[in-house]
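All remarks here apply to the structure that follows.
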Amino acid sequence: MSDLTPAASVSSYYAASARAFAGLPALQGEVRCDVCVIGGGITGLSSALELAERGFTVVLLEGRTVGWGASGRSGGQVITGYACEMATLAELTSRADAQRLWEMSLEAVDLVQQRVTRHAIDCDWRTGQLHVAIKPRQIAELARYQRSLAEDYGYPKLEWLEGAALAEHIVSPRYLAGLLDLRAGHLHPLNFTVGLAAAARAAGVRLYEHSLALRVTRGAAPVVHTAAGQVHARQLVFAGNAWLGRLAPELDSRIMPVGTYIIASEPLGAARAKALMPSDAAVTDINFVLDYFRRSADHRVLFGGRVSYSGITPPDLVASMRRRMVAVFPSLADVRVDYAWGGFVDITLNRAPHFGRLEKNLYFAQGFSGHGMAITGLAGRLMAEAIAGDSSRLDVFARIPHRAFPGGRWLRTPSLMLAMLYYRLRDLL
Ligand SMILES: Cc1cc2nc3c(=O)[nH]c(=O)nc-3n(C[C@H](O)[C@H](O)[C@H](O)COP(=O)(O)OP(=O)(O)OC[C@H]3O[C@@H](n4cnc5c(N)ncnc54)[C@H](O)[C@@H]3O)c2cc1C
């Protein structure tokens, strides 16, 4: 698959403000371990860390550098729940499984904060995340969401905001109402990911960068082949997100890589940034193609949005992203955009996460559908639990049914573009 923006992670605000992390060597020659993890994003690093803490010997292969993928480029919003609605999960599974999935999403958010504290990860964690309504019908949608979480899932913690109460968090003419979640929050995703890598190494994980897994020999004693070496393992974890491709065709057919983009304004100074988002909560609207934004620790606005179903970066990216930002914050019409970058999210057909086993010693977690900052960490924990002998929690996810994208590898893109057109029109109406 073509690389959306090979240079993008390099030119991103996150790369420019990353904490120092010494590069790691590429794999050379043969190594042996209990578990080989493929992918150095949060999913892979979390599973490697949890496995090492359970006493397994672990080798992790990252094809580029730690955090190169979505984990190091993301909007950094650590959000409860999933990309699809809880009602969808209840329909796909059962009411009881949906309840467990909701509770695990809360555990996922708490796990991020616990790891930040436990491993002293310097990643600008801030509490508070806000969902906002742009249109009157979205007010009703937000109210339904709040009621359902309180009544059906026992989560009465979302705070309803309108008028002056909303302006304590977001000062914009665009929004009519909001729901504040103080269990959620936001962070610098690349620094968090790199911090996880340091924790995994300290726990004994052997981590190799620039070590793309080119081929996997499956079986009772699987072997992962890179250009210059081989890993002999008893179990494998696939955590390559949108980039696994032909390494695992069964997984590739169930996700679709979709590009999404972020710009970073010039530093605005503390007072100007605070005047826009006084409480420092992160914000996301509830359009299908949504805007998501927050303040950075050095007082920029990091503004995310747009999507590319073709995987091709839109030619007018910076200008169109700036227009979206100015629609939310008209006072930013004159500010400079210092950075713009993109990355792929791995969406599934139903937007529910896709975790499980391909064979009895081959685990995977993917399909976070743009909502993975928290759930990735939990996915790693669940795969480690399963490898250690208790798959009961991973199985709750594995029971979610998933279908391949229609059209196969080549035609899934036009099919998806057509389907998405419907939702884009709905956003506009
Ligand atoms: C621009 C953007 C904004 C986002 N904003 C948010 C947000 O605000 N909140 C939220 O919850 N989620 C957000 N997401 C989604 C979230 O970032 C992802 O769901 C999450 O980071 C996925 O983590 P991962 O570890 O599964 O995958 P990745 O972080 O993509 O890591 C996969 C890694 O595997 C490596 N790899 C792949 N194939 C191989 C191979 N064959 N051999 C070796 N290595 C390989 C890749 O190089 C990559 O580093 C966003 C995503 C993007 C792109």
I'm checking my understanding of the structure. Among residues of the stretch 345-374 that are on the phi > 0 side of the Ramachandran plot and surrounded by fewer than 23 Cβ atoms within 10 Å (Cβ to Cβ), which one is farthest from the chain's Cα centre (by Cα)? GLY356
Evaluate the following for THR376: is it closer than 26 Å to ARG306 by Cα and either away from the ligand (no atom under 16 Å from the Cβ) or at pLDDT below 95 (or both)? no
Taking first residues from the stretch 167-186 that are more than 20 Å from TRP125 (Cβ to Cβ) and second residues anywhere that are within 16 Å of the ligand (Cβ to nearest atom) and open to solvent by 10 Å² or more (accessible area, probe 1.4 Å), the pairs with Cβ under 6 Å that are 6 or more apart or on different chains are LEU179/HIS131
Out of (1) among the aliphatic types (A, V, I, L, M); (2) part of a loop (DSSP other than H, G, I, E, B); (3) surrounded by fewer than 20 Cβ atoms within 10 Å (Cβ to Cβ), what's the single condition that is false for ILE170? (3)
ASP181 being open to solvent by less than 40 Å² (accessible area, probe 1.4 Å) and either over 25 Å from the mean Cα position of the chain (by Cα) or over 30 Å from LEU60 (Cβ atoms) (or both): yes
For the stretch 100-113, indicate whether the set of residues that are more than 30 Å from GLY39 (Cα to Cα) and touching a residue at least 12 places away in the same chain (Cβ under 8 Å) is non-empty. no
State whether the residues of the stretch 325-348 include one that is touching a helix residue (DSSP H, G or I) at 6+ places or on another chain (Cβ under 6 Å) and in a loop (DSSP other than H, G, I, E, B). yes
Residue under question is LEU190, and the condition is that it be closer than 29 Å to ARG324 by Cβ, touching a helix residue (DSSP H, G or I) at 6+ places or on another chain (Cβ under 9 Å) and open to solvent by 10 Å² or more (accessible area, probe 1.4 Å); does it hold? yes
Selected residue [small (Gly, Ala, Ser) and touching a residue at least 60 places away in the same chain (Cβ under 8 Å)] from ALA333, ALA327: ALA327
Taking the condition of being hydroxyl-bearing (Ser, Thr, Tyr) and closer than 14 Å to ARG115 by Cα, how many residues in the stretch 148-200 meet it? 1
List pairs: first in the stretch 191-204 and closer than 17 Å to THR57 by Cβ, second of a type in the set (S, T, N, Q) and open to solvent by 20 Å² or more (accessible area, probe 1.4 Å), Cβ under 9 Å, 6+ apart or cross-chain? GLY204/THR57
Kindly indicate whether any position in the stretch 139-155 is open to solvent by less than 50 Å² (accessible area, probe 1.4 Å), in a helix (DSSP H, G or I) and closer than 19 Å to PHE21 by Cβ. no
Within the stretch 10-24, count every residue that is out of contact with any Leu (no Cβ under 7 Å at 6 or more places or on another chain) and either open to solvent by less than 20 Å² (accessible area, probe 1.4 Å) or within 15 Å of the ligand (Cβ to nearest atom) (or both). 5
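The values are calculated or read from the model by the stated rules, or taken from the named source; none is laboratory data. Since we're looking at a predicted model, the values are computed, not measured. When we count neighbours, we look across all protein chains shown, and the Cβ atoms used for this are built from the backbone with ideal geometry, even at glycine. Only protein heavy atoms, including side chains, enter the accessible area calculation; ligands, DNA and RNA are left aside. Shrake-Rupley method; radii C 1.70, N 1.55, O 1.52, S 1.80 Å.
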